[in-house]
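A short write-up of the structure that comes next.
Every number in this text was worked out from the coordinates using simple rules, so none of it is lab data. Treat the numbers as computed from the prediction; the structure is a model and nothing was measured. Here the Cβ positions follow ideal geometry from the backbone for every residue, glycine too, while neighbour counts run over all protein chains shown.
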Amino acid sequence: MVRYIPNNTMSLPHPIPDDLIELIAYRLRAIAEPMRIKLLDRLRDGEACVGELVVAAGASQQNVSKHLRVLLDAGIVGKRKDGNRTYYRIVDQGVFSLCEKVCGTLQRQFAELGSLLEETGNGRGGGRR
């Protein structure tokens, strides 16, 4: 598996070369899973060992380890060993910028939907006829 370490100063070529498209899709797939987003959210607070992540995620150690491996292979998290414990940390802070952009878009869409529902009688069919 090739690990991709992002260069945040890189500008995206146009058209995007196929090999770069594959790398972009790989990284997006790595975070496009609810358990991985939950793990990343916990790691926002700082480094954590697998046991702490198991508790935070409410999942089995095997499941958490599987998801951490995907994030590690994608270059989003890093790890270090200390005795018999393995600690994980975020190494690509850009992942949070991406999540904030997605959340911002969702908030705008929800606000627009809420306004639309208010205009149509709270979505109960009580709007104009």
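Details
- Helix-only CD estimate at 222 nm, as mean residue ellipticity for the chain, using -39500 (n - 2.57) per DSSP H run (n ≥ 4): -18000 deg cm²/dmol
- Straight-distance candidates among the aspartates and glutamates for linking to LYS81, with alpha-carbon spacing under 20 Å and chain neighbours fewer than 8 residues away dropped: ASP45, GLU47, GLU52, ASP73, ASP92.
- For LEU12 and ASN63, the difference between the fully extended length at 0.36 nm per residue and the C-alpha to C-alpha distance is 14.9 nm.
- Shape category assigned to the chain from the gyration tensor of Cα positions, a/c cut at 1.5: oblate
- Region 17-63: projected area of the alpha-carbon convex hull, averaged over directions, in nm²: 3.9 nm²
- Selected from GLY78, LEU40, LEU53, residue furthest toward positive end of dipole (region 18-92; charges at beta carbon): LEU53
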